[in-house]
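Report on the following structure.
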Amino acid sequence: LQVFDDEGKDVTPHPLFHSDPDTVVPKQGKLLASSDYSWATGSDPFSSISKSKTSTMESMLDEAVEPGSQQDTAVSLSDVQVRREEIKEQLTEDDLDRRVDIYLTETETIWILDMPSVVLSVESEDAGRVLDRNKIYVDICKNRPGNDRFVEKMMQTINGAVKNKEVQCDKIVMEDKGVVVTSWDLYDSFNASEIEPTSKVEGSRATTGKSSTPHMAKKHDQTASVTSARGTITSAMTALESAALARIHEEKKYCLEAILISENFQQDLFFMERVLMENIFQPKLAAYRQFPVLIDPTVTSDNVGTVAAVKEGKQEEHDKVKKDKEEQKEALIDPSILSDLNKTSEEIVPPHLEQLWSYMCDLTNGHSVSSMAWSKVNPDLLAVGYGAFDFKEQKKGLACCWSLKNPMWPERIFECEHGVTALDFSMASPNLLAVGMYNGTIAIYNVRNCNTTTFSDSSDSSEKHTGPVWQLKWVEQDGDATEDDKRERLISISADGRITEWLIQKGLDCTDLIKIKRTGSEKKNLPSEKERKSEAIISQQAAGMCFDFHPKDTNFYLAGTEEGLIYKCSCSYDKQLLETYRGHKGPVYKVAWNPFSTDMFLSCSADWSIILWHQNSRMPILTFSSTTTVVHDIMWSPKSVFIFAAANESRVEIWDLSVSILDPVITHFANPGATFTSVLFAKNTDCLLVGDSKGEVSVFELQNLAASSSTKVDALHDIIGPAL
């Protein structure tokens, strides 16, 4: 081809390099060949780790070794031009007119840059093992054509199930840390804050001023280094101090816990508690034991005068009220009679109950007092049972042992699954406490041990009660026998109609003394009713409510029932009743023999009455009805044959039969919202314990009770002789 300008001059460019006509056209570059080979073989992707780098290095070496590759390209272009001229000269007209077919085809792909994906890093530990597997795979692919073991066929592979994997990091925990700062730390920090601005100003002056010297810069560097070193030392000292304080705090805490758990400390606390209780309740305990009340000698005369003034003021108010009452009586009473009454009133003070203290704590608050019993050996130890009598109000019960030495908290606490209905201390083994429960279970606890587990119980016995155990008592068998032949037994009565004797062996074994049966009325049947029989009664057994053994002969006992009847029974007969006493119209809640006149006994009932009986008479001797409320409990005084106490729902009464058989000599009303449930006389003092429905056991002193303290057997017969 020739290029001409507008003026017709040949401006065709001449080649700068003339190739040798003898030069052979070079073959395809190794770069393309290697890339084609890697693509054609279809090698495993893992093989690309080393092949791509190898092919690249080989192509670079080839270019460095064969610098004439560009010359070959230029030679090939000049050869094409020469051939075109030769063909142009040799073609004829026929050749020019001949039709020539030109086929356009796609040239082979030229790989300029190949960067296959890398699955595994070359620097990893498994890189060598993967490269070995790639070489083995390449060898297999090379040897596959012509191999007899190779069979080409279609197959389908199963892709594994995709699994999602989640990873959750740990929760970030925030901690608060404190640092103890001392006075010298504050001083160093303050000085550092003053030195730092000063050093910055000196540095700026050294930079801008004409009189700055290397000595000033060196001093500034020293100041900065001292400040940083001081801060590092301060922080290190602070960390050490905080660690030491934390260690000391832990050691103190551990030592305090060890001291609180130690037996010596517990014993010291016990004695200190006893001393404090003695100081607080000393006057009341002295009144309880009928000792003279001691006056603290440390009280000054001023305090004595103040106390005397207060007493005089109270006495004046009392005299004023008394004078007003006397003036009202003067208008109706003769002056001579009035003078006699005034003399009598000055000499005699009416009997009353003076409350000393109450056994109550947060644990017993809200639990009804069901029964109380003194220890047979320790007169200062009182056992109190807490449980409800109504089926709808049932909850877990308590049996607590209170001591006179600590009226504010019980010495032993036994928690029961069901409400406690009765309890009593043993005589032969004073450390054993028998507890009866509402579900019919009887449990025995050892009060000497601090452990609250039961010593023995009847829960596994096949003969246990199926109803509430309303009363239980330890009784000595064969009262006339010698001390060695006496054997103690536990007697219980239940709502299932059984009076049972329990023996403590490996467990609790029982035998029934008697099964109380229902009896019909004494009314005679009409002629048309002769054929009626007792099959009409729903249950043949009557529910037992209470019992009491004779104080002299323990072979005989009384049993009160829900029908209102009282039976006299014998331990020698298990199917025969000795006597039946009819007088109550409701359930009999308590029967009690007179400890002195042993042929007399009392009974109380839900029919609001208290009846005095003689064992030889089926008819009541005396009936006491002072209120229209249920009488829950009664008890004879251990000091007098005439006195007994009764607990009504609304009040507690003290009766003295030597004074009156119509009205009680002392009446004390219950607190609002509470009802009295049980009474118990103290053994050696003139005190009475009363339990209520709020869980409080109040201790009262019987003051100015002018009744006779006679214990003669015939004294009661002399008073009620006309009734007999």
*In whole percent, how big is the carbon plus sulfur part of the accessible area of the range 557-620, probe 1.4 Å, protein atoms only?*
46
_Of LYS515/LYS585; LYS376/LYS396; LYS506/LYS575; LYS395/LYS517; LYS552/LYS575, those spanning more than 25 Å from alpha-carbon to alpha-carbon_ = LYS376/LYS396; LYS506/LYS575; LYS395/LYS517
_Multiplying the sequence separation of LEU91 and LYS171 by 0.36 nm and subtracting their Cα-Cα distance, what value in nm do you get?_
19.7 nm
*asked:* Could you work out how much longer the chain between GLN703 and GLU241 gets when fully extended? Use 0.36 nm per residue separation minus the Cα distance between them, nm to one decimal.
replied: 159.4 nm
*FRET efficiency estimate (nearest 0.05) - Cβ-Cβ, VAL275 to ASP185, R0 60 angstrom*: 0.80
*Arrange the residues CYS450, CYS400, CYS510 by how much accessible surface each exposes, largest first, with a 1.4 angstrom probe.*
CYS450, CYS510, CYS400
_Amide proton proximity set for VAL591, modelled H, under 5 Å, gap of 5+_ = PHE547
*Using 0.36 nm per residue, how much length does the chain from HIS352 to LEU256 gain when fully extended, once their Cα-Cα distance is taken away?*
29.5 nm
_Calculate the FRET efficiency for ASP10 and TRP111 from the Cβ-Cβ distance with a Förster distance of 51 Å, rounded to the nearest 0.05._
0.75
_Tell me the relative contact order for the range 619-704 as a rounded percent, counting alpha carbon contacts under 8 Å between residues six or more apart._
21
*Determine how large the accessible area of GLU415 is when every protein chain is in place; take a 1.4 Å probe and give Å² rounded to the nearest 10.*
130
*asked:* Can you compute the modelled spin-label distance between ASN159 and LEU503, with each label point 7 Å from Cα toward Cβ, in nm?
replied: 8.7
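The values are calculated or read from the model by the stated rules, or taken from the named source; none is laboratory data. From a predicted model like this one, the values you see are computed outputs, not experimental measurements. Note that we place each Cβ from the backbone using ideal geometry, even for glycine, and neighbour counts take in every protein chain shown. Only protein heavy atoms, including side chains, enter the accessible area calculation; ligands, DNA and RNA are left aside. Shrake-Rupley method; radii C 1.70, N 1.55, O 1.52, S 1.80 Å.
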